[in-house]
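Trainee: If you scroll down you'll find the structure; I have some questions about it.
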Amino acid sequence: MQLRLWQQLCVKQALSVYQSQSHFMCLATPGAGKTVMAAELAARLIDLGKIDFILCFSPSSEVNESIKSTFSQRLNKRFDGLMGAIGSVYTYQFMPSLTEAFWQLLKTHKVLVIMDEVHHLKGNTLNNTNAWGEEVLLNIQYRATYTLALSGTPWRSDAAPIVLSRFTEPDNTIHCDFSYGLKQAITDKVCRQPNIVLIDNNKIKLESEQDSETFSSIAALLLDSKFNYQALINHQQIMLYMLRQGVKKLAQIRQENPKAGGLIVASSIKHAKRLHQIIVSELKQTACIVTSNLKHPSRIIDVFRQNNTEWIVSVGMISEGTDIPRLQVCCHLSRIKTEMHYRQVLGRVLRVDSDNTQQAWLFTLAERKLTEFAHRIDQDLPEGSVIIKQTEQQELTLEWPLSQPNSAVQTDNDNELNLSLSDFSLPDNLPHNEASLESDINEENRYNLALLGVYKEKIVNMFDAHLPSN
């Protein structure tokens, strides 16, 4: 397989670093091709006689399939862990099930261990790890011949240390042995040009039996009222409007790229079903749905990857590492509001599938944190330090200041709307089941919400984009 320039440079750097240390960490923006780089590095180490076997770990079975395919193709050997295979791949969830007999492989052979999306592995000591991080510290750290950590978002939302990572003094920011950011990837035409559309309204009326309030924006509504974000993204007319905007943009893109597709990120299985019904019944689009309660969700994703269906609706099934290059539009209606999740969702529409100039579009509400994240996409690392001395009981969330050094913000005043209105990465303070989500939403049904003002759409174009934004 032909390597991109950044992949060649990263492999060269890793081979150099491995001469003096056993661990290497690569930051490469989502969609840049980290798996291909890792497979090439493994092949070089095999050719040099440095390793006998490769173990890979990733956050999901969908990512596992991609890793297995890429490594099998590059190494020209099976990668299923059976007799005669050169390696195998497992999910992080499966790690605690592996026995001591399995881990003996690292003592008797020269093994390269690859940890994809390594930010899932928490802790730098046994006192502050999660279950998966503990497995690395106990069974991999001092046993593996080499370790390779990969991430497009190399930090955690709780600001905790990442396993095997080094941190620079005195601010405890993470050290990466090789970095390939989004700005460079766009310049190299490795990733698409991202555009983030922030949907807002300048007159929002909220009525209850007791009183009535009017707000000048979605951010003001969520800050100064009891109406929460979860209820907002479940509101029928908000869902309809965002999907309509996504459909309009996808139709424009498909005039030049007929196979282009769109992703709708839902907050729950029930929410996904409602969104699917809207996109199919009211907006007359072709669409499929993939959730954790379906049999063989990977097959559904793979079929969508190959066919011409316009939309796929997902609850956490198409996230980090999932490769569907034809995705170019995303409607973000997830309840998860962390910067890591936000960047990972955007990454699903950044992968190029041709040599032509392409753009990626992410539609989201102009909620305060999501707006901040939109203006920070041009920065590869968050403005915050790692909490080295965090205990198991502490749950810390960093909030970074709004900054936009390389972003151009445009306001589209041509569109007006008068609406009569309703993991792995999950923070611990969010509800984890459908019943609690519905309870939150039902609590907000005591209010009547109406968007009565002018619809506003802000398009955040990254890196002083020279491309038309339509």
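Trainee: Hand me the list of helices (runs of 4 or more DSSP H) wholly inside the stretch 253-365 holding 3 or more residues that are over 22 Å from Val197 (Cβ atoms) and at pLDDT below 90.
Mentor: Here the list reads 297-306.
Trainee: Where the second residue is surrounded by fewer than 17 Cβ atoms within 10 Å (Cβ to Cβ) and the first is of a type in the set (S, T, N, Q) and lies in the stretch 243-255, which pairs have Cβ atoms under 9 Å and are six or more apart or on separate chains?
Mentor: Gln245/Asn415; Gln252/Asn470
Trainee: Additional query: Report yes if Met37 is surrounded by fewer than 18 Cβ atoms within 10 Å (Cβ to Cβ) and not hydroxyl-bearing (Ser, Thr, Tyr), otherwise no.
Mentor: Criteria not met by Met37.
Trainee: When the residues of the stretch 175-204 are filtered to those that are within 23 Å of Leu9 (Cα to Cα) and of a type in the set (Asp, Glu), which remaining residue is surrounded by the most Cβ atoms within 10 Å (Cβ to Cβ)?
Mentor: Asp177
Trainee: Could you go through the stretch 262-283 and let me know if any residue there is closer than 19 Å to Val329 by Cα, surrounded by fewer than 22 Cβ atoms within 10 Å (Cβ to Cβ) and of a type in the set (Val, Ile, Thr).
Mentor: Yes, the stretch 262-283 contains a residue that is closer than 19 Å to Val329 by Cα, surrounded by fewer than 22 Cβ atoms within 10 Å (Cβ to Cβ) and of a type in the set (Val, Ile, Thr).
Trainee: Return only the number of the condition from (1) surrounded by fewer than 17 Cβ atoms within 10 Å (Cβ to Cβ); (2) under 27 Å from Lys273 (Cβ atoms) that Glu207 does not satisfy.
Mentor: That leaves (2) as the condition not met.
Trainee: Next question. Across the stretch 41-61, which residue is farthest from the chain's Cα centre (by Cα) among those that are over 24 Å from Lys122 (Cβ atoms) and of a type in the set (Gly, Ala, Ser)?
Mentor: Gly49
The values are calculated or read from the model by the stated rules, or taken from the named source; none is laboratory data. Being a predicted model, the structure only gives us computed values, none of them experimental. Cβ: placed from backbone, ideal geometry, glycine included. Neighbour counts: every protein chain shown.
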